[in-house]
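The values are calculated or read from the model by the stated rules, or taken from the named source; none is laboratory data. Only a predicted model underlies this, so the values are computations on that prediction, with no experimental measurement involved. As a convention, Cβ positions derive from the backbone with ideal geometry for all residues, glycine included, and neighbour counts pool all protein chains shown.
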Amino acid sequence: MYDLLVVGSGPAGATTARIASERGLRVLLIDKRQELGAPIQCSGAVSGHALEEVGLSPEGEFVQEAIYGFSIYNQEGQKTTIDYRQLKPDEYGTGEGKKPLGYVVDRRRFDRYLMTLAERAGAEVWLKTEGPGLSTLPDGSCRVLLRRFNKELEVQARVLVGADGLQSQVGKWAGMRTHIKLRELASCLQFVVDGVETDGLLEIVTGHRWAPGGYAWVFPKGHGYAEIGLGVTRTMTRQNAQAHLEQFLKESFFKDRFKGLRILEIQGGGVPLAAPLRTQYADNLILVGDAARHVNPITGGGIHTALSGGKIAAHFLSELLAKGKKPSRQNLKGYQDRWLEERGNFIWKLYGEKSKIFKNKDISSRDEQLYQIMSGYFSPHSEYKKI
Amino acid sequence: MSKKEPVLFRIGWNACINCGACVAVCPQEAGFISPFDTIAVDTPCDIACMACEEICPVTTITHYLHEIDAA
């Protein structure tokens, strides 16, 4: 019998598994893939603060490039630059005793690294394993049916942790309605490219013309590469992300800069600009990370929120089980309460701001609002900068 | 609201980037998925909301009416 069965070894699941193992729980972490992180659906930007908060350091194994700030552009190319090398030159930079603000990570390496740490902390890890269903047992634990390399098997666990991402099936097993509304999932496509110069800044391009209901980005990707992508809200445009990305490359104020680019990788997916799930627990079950929609509804960023949500889940569950309490729906509500207190209430507030902007039907004033909120969001004075 | 005509989805695998966005917006119950991180292709869908087709970044999901083609 395991204390925790964690489904999905991304940043949320592996962090839950690692910290729960460190705190003495018996943990099984499963993932359906043979290699983690791919296919990549994410640009990979994460703040240094987010890593520190869960006891991680920026290892060369997964860091692709150091980041020192942001440039936010409006549709015409006017920009607000927030470069911490200039704002706080004593703290941020490349010199001795200075540090980057954040990193662009390789999700394949990052996710593998997080899984490795979970294994080193004592968690058991099974790859090529998926779970088609669960049932609750009379003793208060649950039984989960798994398939591992085509073999069917059953595992008993006290708590099932669904960390299976946006496509989460685990919550659905318990009858929860976990799908994301079409208008709250940005449809995204990005190219990793050669031949586009960057300067240690995350560049974000707003404006309905380029990315209706979303934004475009140019991020440094290490080795002189960059990633160029965008996300659109499909209820605000008739064209798909691919068509919008083509237009952004060929017609935007960056068209000369993009002229000689060579495409090295094509990636994409849904980026949630969504509210957290209202109910993230059931009997013997909690959801964490993207599966619980622990995401930033303005930026769509989800690594930081996944890491911190995993830590909250691991602490809560180890305390609950140490007290000998049953992981009933009633008792697991405490996990969500704690998450709301530490993170979620801020995220709900951000979601409120995002919704207000997206409800504005006037495109040019909506564009202006989006530019303002993005520029304010990353400023050193933002109340949200640590989410 | 009257129930919609059930549809079957077809995926152009050549363009599919296996991103799973179609599954993320799908209101079907657990298991309406393919082994390639997409919505199910062999099971009729009676919700027929087409959110999966809309969200697809490369527009590679289409559908056909279950009855007509199955008859």
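Results, tabulated for the structure shown:
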quantity	calculated
The one condition in (1) touching a residue at least 24 places away in the same chain (Cβ under 8 Å); (2) more than 7 Å from chain A (Cβ to nearest Cβ); (3) part of a loop (DSSP other than H, G, I, E, B) that B:Glu67 fails to fulfil	(3)
Those residues of the range A:37-63 which are away from chain B (no Cβ under 14 Å) and hydrophobic (A, V, I, L, M, F, W, C), in sequence order	A:Ala45, A:Val46, A:Ala50, A:Leu51, A:Val54, A:Leu56, A:Phe62, A:Val63
Filter result for A:Leu264 (in a helix (DSSP H, G or I) and either modelled with pLDDT of 95 or more or not assigned by TED's automatic domain parsing to the domain that holds A:Asp194 (or both))	no
Members of the range A:82-131 found to be within 30 Å of A:Met374 (Cα to Cα), in a helix (DSSP H, G or I) and within 24 Å of the chain's Cα centre (by Cα), listed by number	A:Tyr84, A:Arg107, A:Arg108, A:Arg109, A:Phe110, A:Asp111, A:Leu114
Which listed residue, of A:Lys356, A:Lys333, is in contact with a Phe, Trp or Tyr (Cβ under 8 Å, 6 or more places away or on another chain) and not hydrophobic (A, V, I, L, M, F, W, C)	A:Lys333
Complete set of residues in the range B:2-44 that are at the interface with chain A (Cβ under 10 Å from one of its Cβ atoms), in contact (Cβ under 8 Å) with a residue 12 or more places away in the chain and part of a strand (DSSP E or B)	B:Ile39
Residue list for the range A:85-136, restricted to those being in contact with a Cys (Cβ under 7 Å, 6 or more places away or on another chain) and modelled with pLDDT under 95	A:Leu134, A:Ser135, A:Thr136
Restricting the range A:353-387 to residues that are in a loop (DSSP other than H, G, I, E, B) and small (Gly, Ala, Ser), the residue that is nearest to A:Gln75 (Cα to Cα)	A:Ser379
Selection within the range A:94-143 - under 16 Å from A:Leu307 (Cβ atoms) and of a type in the set (Lys, Arg)	A:Arg107, A:Arg109, A:Arg112
Subset of the range A:362-387 [of a type in the set (D, E, K, R), modelled with pLDDT under 95 and over 19 Å from the mean Cα position of the chain (by Cα)]	A:Glu383
Qualifying positions in the range A:93-123 - among the hydroxyl-bearing types (Ser, Thr, Tyr), surrounded by fewer than 21 Cβ atoms within 10 Å (Cβ to Cβ) and either touching a helix residue (DSSP H, G or I) at 6+ places or on another chain (Cβ under 8 Å) or more than 30 Å from A:Leu25 (Cα to Cα) (or both)	A:Thr94
Any hit, the range A:278-286, residues being under 24 Å from A:Phe70 (Cα atoms) and more than 12 Å from chain B (Cβ to nearest Cβ)	no
Every pair of residues 6+ apart whose Cβ atoms lie under 6 Å, when the first sits in the range A:141-157 and is farther than 19 Å from A:Lys172 by Cβ while the second is modelled with pLDDT of 90 or more and basic (Lys, Arg)	A:Ser141/A:Arg158; A:Phe149/A:Lys128; A:Glu154/A:Arg143; A:Gln156/A:Arg143
Set A:Leu350, A:Leu321, A:Leu340, A:Leu277: member being among the aliphatic types (A, V, I, L, M), outside any helix (DSSP H, G or I) and more than 26 Å from A:Tyr113 (Cα to Cα)	A:Leu277
The range A:188-209 - residue that is under 13 Å from A:Glu227 (Cα atoms) and among the polar types (S, T, N, Q) and, of those, surrounded by the fewest Cβ atoms within 10 Å (Cβ to Cβ)	A:Thr198
Residue in the range A:286-303 that is in the same structural domain as A:Val205 (by TED's automatic domain parsing), under 20 Å from A:Tyr351 (Cβ atoms) and modelled with pLDDT of 95 or more present	no
Restricting the range A:140-187 to residues that are at the interface with another protein chain (Cβ under 10 Å from one of its Cβ atoms) and in a strand (DSSP E or B), the residue that is surrounded by the most Cβ atoms within 10 Å (Cβ to Cβ)	A:Ser187
Test: residue in the range A:219-235 that is surrounded by fewer than 24 Cβ atoms within 10 Å (Cβ to Cβ), assigned to a loop (DSSP other than H, G, I, E, B) and within 14 Å of chain B (Cβ to nearest Cβ)	yes
Conditions (1) among the aliphatic types (A, V, I, L, M); (2) more than 10 Å from every other protein chain (Cβ to nearest Cβ); (3) surrounded by fewer than 22 Cβ atoms within 10 Å (Cβ to Cβ); number of the one not met by A:Ile266	(2)
Search result, residues across the range A:158-168 that are touching a residue at least 40 places away in the same chain (Cβ under 8 Å) and either within 22 Å of B:Ser34 (Cα to Cα) or under 14 Å from the mean Cα position of the chain (by Cα) (or both)	A:Gly162, A:Ala163, A:Asp164, A:Gly165, A:Leu166, A:Ser168
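Every residue, every condition in (1) out of contact with any strand residue (DSSP E or B) (no Cβ under 7 Å at 6 or more places or on another chain); (2) farther than 24 Å from A:Leu202 by Cα; (3) in the same structural domain as A:Val161 (by TED's automatic domain parsing); (4) among the small types (Gly, Ala, Ser), yes or no:
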position: A:Gly69; (1), (2), (3), (4): no, no, no, yes
position: A:Glu76; (1), (2), (3), (4): yes, no, no, no
position: A:Pro89; (1), (2), (3), (4): yes, no, no, no
position: A:Tyr92; (1), (2), (3), (4): no, no, no, no
position: A:Leu101; (1), (2), (3), (4): no, no, no, no
